[in-house]
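Scroll down for the structure; my scribbles are underneath it.
What follows is calculated from the coordinates using simple rules that are stated; it is not laboratory data. Please read these numbers as outputs of a predicted model, since none were measured by experiment. Because the Cβ atoms are built from the backbone with ideal geometry, glycine has one as well, and the counts that use them run over all protein chains shown.
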There are 2 protein chains.
Amino acid sequence: MATQRILDFIATRRPNGPCLVVDLDVVEDNFQAFRKALPDSSIYYAVKANPAPEILRLLASLGSSFDCASVAEIEMAMDAGATADRVSFGNTIKKERDVAAAHALGVSLFAVDCVEEVEKVARAAPGARVFCRVLTDGAGAEWPLSRKFGCVPAMAVDVLVHAQRLGLAATGVSFHVGSQQCDTEAWDAALADAAKVFADLAEQGITLTLVNMGGGFPTRYLKDVPTAQAYGRSIFAALRRHFGNRLPETIIEPGRGMVGDAGVIKAEVVLVSRKSAADENRWVYLDIGKFGGLAETMDEAIRYPITTPRDGDRMEPCVLAGPTCDSADVLYEKKPYPLPISLTIGDEVLIENTGAYTTTYSAVAFNGFEPLRSYVI
Amino acid sequence: MATQRILDFIATRRPNGPCLVVDLDVVEDNFQAFRKALPDSSIYYAVKANPAPEILRLLASLGSSFDCASVAEIEMAMDAGATADRVSFGNTIKKERDVAAAHALGVSLFAVDCVEEVEKVARAAPGARVFCRVLTDGAGAEWPLSRKFGCVPAMAVDVLVHAQRLGLAATGVSFHVGSQQCDTEAWDAALADAAKVFADLAEQGITLTLVNMGGGFPTRYLKDVPTAQAYGRSIFAALRRHFGNRLPETIIEPGRGMVGDAGVIKAEVVLVSRKSAADENRWVYLDIGKFGGLAETMDEAIRYPITTPRDGDRMEPCVLAGPTCDSADVLYEKKPYPLPISLTIGDEVLIENTGAYTTTYSAVAFNGFEPLRSYVI
């Protein structure tokens, strides 16, 4: 949301061109809300959501750990003050030389989802702890969850047995219920699967201790979402349901839920037009689009709140598009976006709750446009 | 395609990580083929397809003009040796201050598709020549063409009359038949529309002189595509059909057709796995994906040829995915991609005909991965 600090920054600094402004106070509030909602879980911030150094430094100072997708992200987390024991290499798809680089940095917790990956970790990070990601169906999530990560629970058992056999520490299970997951109950089925893997491995003499419950915690876009507290209650109940009194160590990996509502993109209306005199919808073109940081509008998946200086005037559904010469650079067309009919060229609009998955997604130079700038305040 | 020069470069230089290698000899051949196929048309290279300075310098030296989407692209074209009279500001969505910047650089040819844009150009580039883009349906194109650019022909008449009234030179009409357009006849209907706009304006005493026939010329992916010569014959016949003996000045804007087959991406297999013992398809993960330069695999639109060191072995359909922690970073899944069953972790693969719409589309740092590197040889 556009906090007063963000509004003041934009009003005072008048940054030129589209940019993201992130309010660290909101990040801190979100961190404390997660800590309160799930006091027994370790928080591993999903660095990929927004790796701005100021955000990483704040979270490191608050005691957060870090879920990293690459060696570069591990280095960023450690540069921000995290020690290697507070880093998880959470990508299940790693080059062996990157596993070795992480190992050399002291990282000792790795995600795997197949025996092939276990073998890389065993060679390049001998003795490390590994957790195996299991597939979930992602029902209730707004960002599509494919079968890309994880394996079926039965295979996870084999993967972890293999890990133990190769001298790794088979430590636990992870899953992801799908990004922007609005159903607080979504963790239940995955925790049932995790408990089953724990039981199957116990039968083979291997004691797992860790459940990495992933991210998926939503940020508020146009619709209200449950509070961190509601997720905490539901998840804790599911843990008790499936693990009884022997609760495992748990990890959560909020990304969007940590920084999404901490940031606002300031953009400018470049053009408002119609395609014909009889055109039903106006077209509104902004100076930011799908390739400038709003990649999550792909298939109109994420629908951001937008505020304009004309709010309060009569609204009309518009097709909203970006500034590039790519015909795929359209944000909302299948379901047009209501905007004030008085909205005009040069107006400044705020695209809210864009703190996650925007800056780093931005194209490096498509159409000659520079990547999304960001200010963390 | 992987020319011997490209293969030698990769074998000798052993670049680390995924990278694009472009062979300038192929770009030159493509330029000459367009010049021969449409000898009376001016070639405006679509800079957005690949703005590598070496490519721009080569094309400038060969006499090409440049279709630019932004002030940055105009500056790149001029840095490469193009004079301002060989530059078209082809984006219909321009900030007025960018029009002014282009005007200050000497650019005098601008695309418009509505009266609102005409007014910006009239204020910021007084006296400039404008052409109005008309909508076409894009049938036959492999990359989706939305209604984002252009207006209906009846509105184009009003737009150009308005331009003339504001002191601009109403110069002509443009259209785009859709990227990777495999139907050589696709220009016919659009040229009919253009001729109608010419006739309607003639009735109002305005003589148009220019038809910008856009790009759309394909590159060969998995299927054969018609030759530049075939497009040239078909387009020339359509021009004669609709303009008779009074042929207008014409422009073509090849981008993909100029550089697509000049480049090859070298990538590495990071992981090959299955999701369950009974999984029908293996998953093959590369070190490049949708956010690392292969954005045109969106909705599996563009299907690149891929060669591997195991070609000749038995093939099996695979799901092909990128290396990021984003579940949307899957290249081909709905229609799995046949790859050798012996393909294994560490193998180097060549993703062919990736010279266009790859480097600049690449995310700036998603998941901490650096943007696609490129070598132009």
Given the options A:Glu203, A:Glu96, A:Glu185, state which has the largest fluctuation in a GNM of chain A using a 10 Å cut-off (strictly under) for Cα springs.
-> A:Glu203
Using a Gaussian network model of chain A whose springs link C-alpha atoms within less than 10 Å, name the residue from A:Ile55, A:Ile93, A:Ile252 with the highest mean-square fluctuation.
-> A:Ile93
Debye, to nearest 20: dipole size of the protein assembly as shown, +1 on Lys, Arg Cβ, -1 on Asp, Glu Cβ | 120
If you count, for every residue in A:91-101, the Cβ atoms of partner chains within 10 Å of its Cβ, what is the mean?
-> 4
In whole Hz, what ³J(HN,Hα) sequence does segment A:321-336 give by Karplus (6.51, -1.76, 1.60; θ = phi - 60°), x for Gly and Pro?
-> 9, x, x, 7, 7, 9, 5, 7, 7, 10, 7, 9, 9, 4, 10, x
Could you give the Stokes-Einstein D for segment B:312-377 in µm² per second, using the C-alpha Kirkwood radius, 10 °C, 1.306 mPa s?
-> 112
What is the total of Lys pairs in segment A:24-259 with C-alpha atoms under 22 Å apart, excluding same-chain pairs fewer than 8 positions apart?
-> 9
Would you work out which of A:Val130, B:Thr360, A:Ala80 lies farthest towards the positive end of the dipole of the protein assembly as shown, given +1 charges on the beta-carbon of Lys and Arg and -1 on that of Asp and Glu, about the Cα centre?
-> A:Ala80
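Using the crude model of +1 on Lys and Arg Cβ and -1 on Asp and Glu Cβ, and no other charge, please compute the dipole size for segment A:261-376 relative to its Cα centre, in debye to 20. Numbers along the way, then the final one.
Details: 11 positive and 18 negative charges, 24 e Å.
Dipole of segment A:261-376, to the nearest 20 debye: 120 debye.
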Whose Cβ in chain B comes nearest the axis that rotates B onto A, and by how many Å?
-> B:Val364, 2
Taking amide H positions as placed in the peptide plane 1.01 Å from N, state which residues far from B:Arg282 in sequence (5 or more) or on other chains have amide H under 5 Å from it.
-> B:Val319
Kindly put A:Phe243, A:Phe217 in sequence by how many other C-beta atoms sit within 10 Å of each C-beta, fewest to most.
-> A:Phe243, A:Phe217
Taking only the alpha-carbon atoms of segment A:261-376, what semi-axes of the equivalent ellipsoid follow from 5 times the gyration tensor eigenvalues under a square root, in whole Å, largest first?
-> 22, 16, 13
Quick one: what are the phi-derived ³J(HN,Hα) couplings along segment A:200-208, Karplus 6.51/-1.76/1.60 with θ = phi - 60°, whole Hz, x for glycine and proline?
-> 4, 6, 4, 4, 9, x, 10, 9, 7
Once every DSSP H run of n ≥ 4 in chain A is given -39500 (n - 2.57) and the sum is divided by its residues, what mean residue ellipticity at 222 nm do you get, rounded to the nearest 500 deg cm²/dmol?
-> -9000 deg cm²/dmol
Take the alpha-carbon centre of segment A:305-374, take the same for segment B:331-377, and report the distance between them in whole Å.
-> 29
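Quick one: A:Trp283, B:Trp187, fewest Cβ neighbours within 10 Å first, how do they rank?
Placing the least packed residue first, the sequence is A:Trp283, B:Trp187.
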Grab the alpha carbons of segment B:62-121, take their convex hull, and tell me the volume per residue in Å³.
-> 65
Would you mind computing the Rg to Rh ratio of segment B:206-266 from its alpha-carbon coordinates, Kirkwood style for Rh?
-> 1.09
With θ set to phi - 60° and the Karplus curve 6.51 cos²θ - 1.76 cosθ + 1.60, what are the ³J(HN,Hα) couplings of segment B:177-192 in order, to the nearest whole Hz, using x for Gly and Pro?
-> 7, x, 6, 6, 8, 9, 9, 5, 8, 5, 6, 4, 5, 5, 5, 5
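So what is the relative contact order of segment A:261-376, in percent, for Cα pairs below 8 Å that sit 6 or more residues apart?
On the way: 250 pairs, mean separation 42.1, N = 116.
Dividing the mean separation by the residue count of segment A:261-376 yields 36 percent.
Just the ratio, please: alpha-carbon radius of gyration of segment A:24-259 over 2.2 N^0.38 Å, N its number of residues.
Working: Rg = 16.6 Å, N = 236, 2.2 N^0.38 = 17.5 Å.
Cα-based Rg divided by the globular estimate yields 0.95.
Rounded to a whole number, what is D in µm²/s for segment A:96-155 from Stokes-Einstein with the Kirkwood radius over alpha-carbon pairs (20 °C, 1.002 mPa s)?
Numbers: Rh = 12.7 Å.
Translational D for this selection: 169 µm²/s.
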Over the protein assembly as shown - Rg/Rh using Cα atoms and the Kirkwood inverse-distance radius | 1.00
Neighbour-count ranking for B:Arg147, A:Arg282 (other C-beta within 10 angstrom, fewest to most) reads A:Arg282, B:Arg147
GNM flexibility winner over chain A from A:Glu73, A:Glu249, A:Glu116 (Cα, springs under 10 Å) = A:Glu116
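Tell me, Kirkwood radius of segment B:21-72 from alpha-carbon pair distances, in Å? Show your work: numbers first, answer last.
Values: mean 1/r = 0.0873 Å⁻¹.
It works out to 11.5 Å.
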